[in-house]
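Quick notes on the structure that follows.
The values are calculated or read from the model by the stated rules, or taken from the named source; none is laboratory data. Since the model is a prediction, treat every value here as computed from it, not as a measurement. Positions of Cβ are backbone-derived with ideal geometry, glycine not excepted, and every protein chain shown enters the neighbour counts.
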Amino acid sequence: MTGAVPEPVLVARGLRKRYGAVEVLAGVDLAVASGEVACLIGPSGGGKSTLLRCLNVLERPSGGSISVFGEALCRDDGTGVRVAPERTLRRARSRMPMVFQHFNLFSHRTVLQNVMEGPVTVLGLDREAAIDRARRLLRDVGMADREDHYPDQISGGQKQRVAIARAMAMAPSVILFDEPTSALDPQLVKGILAIINDLARQEITMLIVTHEMKFARDVADRVHFCDGGRIVESGCPDDIFQRPRTARLADFVRSIHE
Amino acid sequence: MHRFFFREVPEYFPFLLQGAWITLVLSLVSMACGLALGLAVALGRLSPYRAVRWPLDAYVELWRDTPLIVQLLFIYFTLPEFGLTLPAFWAGVAGLSLNLAAYLSEVFRAAIAAIDPGQRQAALSLGMSRVAIYRRVVLPQMFRATLPTVGGYFIALLKDCSLVSFISVNELLRHANIVIADTFDSMNTYIMVGFIYFVMSFGSARLIGLLERRLTPRHQRHGAAMLPGPKGAAA
Ligand SMILES: Nc1ncnc2c1ncn2[C@@H]1O[C@H](COP(=O)(O)OP(=O)(O)O)[C@@H](O)[C@H]1O
Ligand SMILES: [Mg+2]
């Protein structure tokens, strides 16, 4: 033990988001340490997706603060939320890309072009280097032989592999996953989870919204339970799944196992 | 008895072709202006600001709810009274492209709205700028989706150009009328004019079809659904 606390790369304090009269996030406190794999679990409609979209400021929070890599993306000085300039947001997003439930591949681009898009337009890599990088990542996710296919020619599981490669092509420090396997047929889920598991062994920090409890238990360093717009409970997987401290978490865990 | 067809090319045929050339140039210039303006109006109408949207909505309504010929006559004959005099050709370009832009802006706006917002979100989440997202994700898909419709508008425009003869642009129909005034041979002249319009429209339609084919990935081309597509191994 060195006693050094790993520095958090992602911190949210008192994060709020309302849509009209509905308060979807009601003061979220969350910290994700560098290299950590954090899973976010909780009932549907609890605000998990909204939280992820607020963290990279795809949605403008209504209150609270966010800092990523030690840089404030959004802060609340009491008079209102101040969001960092567009350039700062873009740089943070490029280091913290997102993988979506419904893949969201660019439908007019081939598999290879999808993976190259970020490196070319955002990172300014030249074409040759971007192609090399994209091919290497496609090989890693088992999609090397599909590089010239269009998204409408491949299965859901394959789309998600490409989407993961597209995120990895940014050489990110953090990846945000929003239910990456929820739209997939059961037999395709394993393959995607295995890929994420491989990434978990690398240095990349990950925040994963998931309903796959066994996966969360195996892969996560920390699990956060989100319900009613708050992080109700956080802890290591054993504590969360074996020794829930709140009735809400206990109910949720029970409902999953039924 | 009327002479039905010609044993030789009539001497005024080159004069008609000259008119056809003006029609073609007028169409191309108006199309280019109409596309640019239509796109700008479509983007403006997607703006979050009411002050931007409202005047553009009004423009589109006004232009779609009045006849093109009235718009042309207004630009050519009425605007000079307000101190804006345009040469006939440019009055024609202004009238045709303002009219076209009103329609195209609707076509573009609908096509942009139809693009899955998830793709824009994915682009944003990679750190792409709004300009880059339009350039790389939104507009390419919009153009591909609207190409057949835009092509249809171009062919309609070629023919609408005949209205510009009313404001004394020397295009095909006006040249035809000059010929008829001279020869009294309206039947053969109009047959030739119809033939020239047909060749221009048909040729354009073929070119647009080729362009559309080129811009469509092989597997999405017409008839490709029947062919066995590349099979994805189970992921
Ligand atoms: N853009 C939006 N406009 C209005 N309400 C929204 C919007 N996005 C999400 N919500 C609402 O916020 C709540 C939380 O949604 P979400 O973050 O998707 O939850 P989860 O991902 O945990 O299922 C839901 O009640 C949903 O209806
Ligand atoms: Mg969700």
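Pairs linking a residue in the range A:48-66 that is farther than 13 Å from A:Ala26 by Cα to a residue that is more than 9 Å from ligand 1 (Cβ to nearest atom) and hydroxyl-bearing (Ser, Thr, Tyr), with Cβ atoms under 9 Å and 6 or more positions apart or on different chains, are A:Arg53/B:Ser125; A:Asn56/B:Ser125; A:Leu58/B:Ser125. Checking each residue in the range A:187-208 for being within 16 Å of ligand 2 (Cβ to nearest atom) and within 14 Å of chain B (Cβ to nearest Cβ) picks out only A:Leu207. Kindly indicate the residue of the range A:115-139 that is in contact (Cβ under 8 Å) with a residue 40 or more places away in the chain and closer than 20 Å to A:Leu199 by Cα and also nearest to the other protein chains (Cβ to nearest Cβ) among those meeting that condition. Filtering the range A:115-139 for residues that are in contact (Cβ under 8 Å) with a residue 40 or more places away in the chain and closer than 20 Å to A:Leu199 by Cα, the one nearest to the other protein chains (Cβ to nearest Cβ) comes out as A:Gly118. Restricting the range A:204-235 to residues that are farther than 16 Å from A:Ser182 by Cβ and in contact with an Asp or Glu (Cβ under 7 Å, 6 or more places away or on another chain), which is surrounded by the fewest Cβ atoms within 10 Å (Cβ to Cβ)? Looking at residues that are farther than 16 Å from A:Ser182 by Cβ and in contact with an Asp or Glu (Cβ under 7 Å, 6 or more places away or on another chain), I get A:Asp221.
Close contacts from the range B:50-70, counting a first residue that is part of a helix (DSSP H, G or I) and a second that is charged (D, E, K, R), with Cβ to Cβ under 6 Å and a gap of 6+ residues or different chains, come to B:Arg53/B:Arg45; B:Leu56/B:Arg45. Taking (1) within 16 Å of ligand 2 (Cβ to nearest atom); (2) within 14 Å of chain B (Cβ to nearest Cβ) in turn, A:Ser94 satisfies each apart from (1). Elements of the type helices (runs of 4 or more DSSP H) sitting completely within the range B:113-218 and holding at least 2 residues that are over 30 Å from A:Gln113 (Cβ atoms): these cover B:139-160, B:172-183, B:186-215.
In the range A:135-254, counting only strands (runs of 3 or more DSSP E) that sit wholly within it, the ones holding 3 or more residues that are over 16 Å from the mean Cα position of the chain (by Cα) span A:230-235. Going through (1) within 16 Å of ligand 1 (Cβ to nearest atom); (2) touching a residue at least 40 places away in the same chain (Cβ under 8 Å) one by one, A:Ser107 falls short only on (1). Just checking, does the range A:52-73 include any residue being exposed (fewer than 15 other Cβ atoms within 10 Å of the Cβ), more than 19 Å from the chain's Cα centre (by Cα), within 16 Å of ligand 1 (Cβ to nearest atom) and not small (Gly, Ala, Ser)? No, that holds for no residue. Checking every residue in the range A:165-186 against the condition of being surrounded by fewer than 20 Cβ atoms within 10 Å (Cβ to Cβ) and within 16 Å of ligand 2 (Cβ to nearest atom) gives at least one match.
The residues on offer are A:Leu89, A:Leu30, A:Leu112, and the sole one that is more than 30 Å from A:Ile154 (Cβ to Cβ), more than 11 Å from chain B (Cβ to nearest Cβ), more than 12 Å from ligand 1 (Cβ to nearest atom) and at pLDDT 95 or above is A:Leu30. Mind checking whether some residue in the range A:148-156 is more than 20 Å from B:Gln121 (Cβ to Cβ), away from every other protein chain (no Cβ under 11 Å) and surrounded by fewer than 17 Cβ atoms within 10 Å (Cβ to Cβ)? Within the range A:148-156, none of the residues are more than 20 Å from B:Gln121 (Cβ to Cβ), away from every other protein chain (no Cβ under 11 Å) and surrounded by fewer than 17 Cβ atoms within 10 Å (Cβ to Cβ). For the structure I just gave you, tell me whether A:Val115 is under 22 Å from A:Arg146 (Cα atoms) and of a type in the set (Val, Ile, Thr). Yes: the conditions hold for A:Val115.
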